[in-house]
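Would you mind keeping the following structure in view while I ask a few things?
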Amino acid sequence: MDIRKELVCLNPRQKEAVLHTEGPLLILAGAGSGKTRVITVRTAYLIHTGVKAGSVLAVTFTNKAAKEMKERVKAMIKGENGSPVISTFHSLCLKILRREIECLGFRKDFTIYDTSEQVSLLRNILSDIRFSDKSFKAESILERISRTKNDLVPSGAAPPDKPIEEISAMLYPRYREALQSLNAVDFDDLLLFTLKLFREYPVVCEKYRERFRHIMVDEYQDTNRVQYELIKLLAGERRNLCVVGDDDQSIYGWRGADLGNILDFEKDFPGTLTVRLEQNYRSFGHILCAANGVIRNNTRRMEKSLWTERGTGPKVNIFKAADAESEAEWVADRISMIRFERNVPYEDFAVLYRANIFSRPFEAAMRSKRIPYLVVGGTSYFEHKEIKDLAAYLKIIANPSDDLSLLRVASAPKRGIGTSALAVLSDFAQSNSLGLLDAFGKAREVSALSQKAAASAEALFGLIARYRDLFNKGRGTGMGKLLKALTGEIGYRDYIVGLYKTPEAAFKRVENMDGLIDSLSYYESAEESPSLHGFLETMALTELMKEKEEKGGRGVTLISFHSAKGLEFPVVFIAGVEEEMLPHRKSADRDEDIEEERRLFYVGITRAMNELYLTRTEHRSRYGKEKSSLPSRFLQELPDEAVKKIERFENLDPEQEKVYAKKFFANIKAMFEN
């Protein structure tokens, strides 16, 4: 590996960050400043200087980022001295828990519950305690339990001040006990239990400290309290900790991210070297001027100012429409105009908005103009019934204690074990200190069950036991074929087809089912030591870290601010730059919430590479009523020299209009000729 070639390509600040290898390092990486390159070159440089590759740990937030980093580092070191550990927080903690969780009273074959399974479990608990107040939704309770875990608030630490908090505090211990009885954990537990291990078993913590002697954390501004404590414990007295992030892009406070982690890093780790990456390689100067002008109004931030050598480029355009439909129509027209004028592909355009609910008028406008588009966000592949059903079969095969999965498979497809029969079996299991699956195996001993229900329960027990043996004997070979055989044996294909009225809908479900089987087969071929547990872990973590959809090849991207973070587009439209939308009305009362909204706007601005358009309306329909709209306060913070207010096509001078018209008709003619 010739690391000198990589170092030559870095600017002075990037190079300074790479060469600092001992002690705490804070890299303040502004938007578009090449932070991924810095992290990967720094990793390769550590290995080049003699650090054992396996003792280098790089942690990030998404599977996509981890994969990209792995590929870049691999290309640089070319197998030299092994491979560093590059992982998401959850994947890292999962691997640690698979080795160490027995210390906490769980078996190593624990199941990871996703959100829908957590909600089902909470509903069961609410039913068991006969909680009749329907105003408290399981989803809301789960959200508060999750926040309690991630903020490291001990159960009962402070008296709740709201009814929803009171019921959540009451249910938290029951929820925790229920998960343990099922030998299951949720996604928050992956982090929380690893922290618990490190705190309560110093020998375990020391083992991982010795292994990971150099630690890097990407997107540090998005870490929560648990992640902060984990990293601090792993770094230990050695303090070879490098964190990379941008406080100006901290936009996940609503889900527990603690801005203080990055703002207080220098105080928490005395002797920190702070390197600011301010040269932007993405955007033109006017776009960066607008971004700097907005974000400098935040008080809780570390000073930095983006600059570029690309030139100033076009000014940021601001357009006011009459209403939401007119706004969307103008955006669609502008996209058509730019496309015909400059032959820009549709994939170069993005429309950003505050939340996914605002996509509707833009979808309608794109359809009316016959512009292909992609809405990022929507139903996850893993949320489809057929996927969750088959995943439940695999989970109960892998973990016999997973009662929630057993309850799902008992009626998918229906086999004569109704809710009353399940209640009888559940009571029998509790009375005899049995797992629910074991109760299924002894169903003929339960006098309250009908012969048909008992026979069906025992048959299901036998099916699961037989496939457990098959999966265990196969040790990861032929698992896709086993799942296909299972679906055939239970008649699942016919069952799923029968649920849908149209052939098209049924075909889509069958396609999804076949896709899961193919995914299992692909997993087998790609992994060195495949296992059913390994596949379920991959599946669970993929859903947790659900990646942003790729923009390439499928038209204009319609996307929310939060989903757009980390992406870039040549031409960006930011819609709804109005009070009550940006900043959101729920954030108007607290200064810290306004600052997060401003950071959200900053993230949106810095997605634009070449052109940026900001749109707003005079009137907007809210809750079925047409109301006047006020321009966002953030518009007043944009520097005058960076912006230009426009009407429909008034920013084109007469000569440009002639060029546009000529190209427009030439393209129309070409379309007819082809």
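A short reminder: the numbers here are calculations on the coordinates, not readings from a lab. Everything numeric here is computed off the predicted structure, so don't read it as measured data. For neighbour counting, all protein chains shown are included, and Cβ atoms are generated from backbone atoms with ideal geometry for every residue, glycine included.
Between the helical axis of 503-526 and the dominant principal axis of the chain, each derived from Cα atoms, what acute angle in degrees is found, rounded to the nearest 10?
Tilt relative to the chain: about 80 degrees.
Can I ask one more? Report, in degrees rounded to the nearest 10, the 0 to 90 angle that the Cα long axis of helix 532-544 makes with the longest principal axis of the chain.
40
Next question. Find, among the GluC sites (Glu not before Pro) in region 1-109, those assigned to loop by DSSP (not H, G, I, E, B) with at most 11 other beta-carbon atoms within 10 angstrom. Numbers along the way, then the final one.
Numbers: sites: E6, E16, E22, E68, E71, E80, E100, E102; in loops: E22, E80.
Taking region 1-109 and a limit of 11 other Cβ atoms within 10 Å, the loop GluC sites (Glu not before Pro) found are E22.
A follow-up question, please. Note the angle between two axes, namely the Cα long axis of helix 451-474 and the longest principal axis of the Cα atoms of the chain, as a number of degrees from 0 to 90, rounded to the nearest 10.
60
A follow-up question, please. Would you mind classifying region 385-523 by shape? Square roots of the alpha carbon gyration tensor eigenvalues, ordered a ≥ b ≥ c; an a/c under 1.5 is rounded, otherwise it is prolate if a/b is larger than b/c and oblate if not. Mind showing how you got there, number by number?
Numbers: a/c = 2.46, a/b = 1.44, b/c = 1.71.
It is oblate, given that a/c is not under 1.5 and a/b is not larger than b/c.
Would you please calculate the Kirkwood hydrodynamic radius of region 401-475 over all C-alpha pairs and express it in Å, rounded to one decimal? Show your work: numbers first, answer last.
On the way: mean 1/r = 0.0804 Å⁻¹.
Final number for the Kirkwood radius of region 401-475 is 12.4 Å.
Along the positive direction of the dipole of the chain (beta-carbon charges: Lys, Arg +1; Asp, Glu -1; about the Cα centre), which of I490, S91, P372 reaches farthest?
I490
Quick one: what do you get for the chain if you divide its Cα Rg by 2.2 N^0.38 Å? Don't skip to the end; give the middle numbers.
Values: Rg = 27.8 Å, N = 674, 2.2 N^0.38 = 26.1 Å.
It is 1.06.
Among rounded, prolate and oblate, which fits region 450-510 when a ≥ b ≥ c are the square roots of the eigenvalues of its C-alpha gyration tensor, a/c under 1.5 means rounded, and a/b larger than b/c means prolate?
oblate
Could you please report the charge total around C289, scoring K, R as +1 and D, E as -1 over all other residues with beta-carbon less than 12 angstrom from its beta-carbon?
Values: positive: R296, K315; negative: E637, D640, E641.
That works out to -1.
Give the relative contact order (percent, whole number) for region 182-287; include only Cα pairs under 8 Å separated by 6+ residues.
Details: 92 pairs, mean separation 26.2, N = 106.
Result for region 182-287 is 25 percent.
Next question, about the same structure. Mind checking the alpha-carbon convex hull of region 144-277 and giving the volume per residue in Å³? Provide the component values of the computation, followed by the final result.
Numbers: hull volume 17.7 nm³, N = 134.
Spelled out: Cα convex hull of region 144-277, divided by residues, is 132 Å³.
Please sort by residue number the trypsin sites (Lys or Arg not before Pro) in region 463-536 whose DSSP state is loop and whose Cβ has at most 16 other Cβ atoms within 10 Å.
Numbers: sites: R466, R468, K473, R475, K481, K484, R493, K501, K508, R509; in loops: R475, K501.
Those that pass, being in a loop and sparsely packed, are R475, K501.
Given the -39500 (n - 2.57) contribution per DSSP H run of 4+ residues, what per-residue ellipticity at 222 nm results for the chain, rounded to the nearest 500 deg cm²/dmol? Write down the numbers at each step before the final one.
On the way: 28 runs with 341 residues, N = 674.
That calculation yields -16000 deg cm²/dmol at 222 nm.
What pairs in K64/K645; K35/K508; K95/K388; K67/K586; K35/K207; K74/K207 have C-alpha atoms more than 32 Å from each other?
Details: K64/K645 38 Å; K35/K508 41 Å; K95/K388 24 Å; K67/K586 36 Å; K35/K207 30 Å; K74/K207 26 Å.
Table pairs above 32 Å Cα-Cα are K64/K645; K35/K508; K67/K586.
So what is the diffusion coefficient of region 338-424 in µm² per second by Stokes-Einstein at 20 °C and 1.002 mPa s, using a Kirkwood Rh over Cα pairs?
Details: Rh = 17.3 Å.
The Stokes-Einstein estimate is 124 µm²/s.
For a quick protection proxy, order the peptides 446-454, 601-609, 342-350 by their average other-Cβ count within 10 Å, most packed first.
Working: 446-454: 15.7, 601-609: 25.8, 342-350: 17.4.
So the order, starting with the most tightly packed, is 601-609, 342-350, 446-454.
If we count every other residue with Cβ under 15 angstrom of T272's Cβ, Lys/Arg +1 and Asp/Glu -1, where does the sum land?
On the way: positive: K232, R238, R239, K267, R276; negative: E16, E22, D247, D264, E266, D268.
So the environment of T272 carries a net charge of -1.
On to the next question. Got a sec? How would R37, R130 order by Cβ neighbour count within 10 Å, fewest to most?
Details: R37 17, R130 6.
The fewest-first ordering by Cβ neighbours comes to R130, R37.
Just to confirm a number: summing +1 for Lys and Arg and -1 for Asp and Glu over residues other than R213 whose beta-carbon lies under 14 angstrom from that of R213, what do you get?
Details: positive: K52, K207, R209, R211, R238, R239; negative: E22, E206, E210, E237.
So the environment of R213 carries a net charge of +2.
In Å and whole numbers, how far do the C-alpha atoms of region 30-140 stretch along each principal axis, longest first?
Projected onto its principal axes, the Cα set of region 30-140 covers 63, 38, 16 Å.
Could you grab the relative contact order for the chain? Cα pairs under 8 Å, six or more apart, rounded to a whole percent.
Numbers: 1006 pairs, mean separation 122.5, N = 674.
It rounds to 18 percent for the chain.
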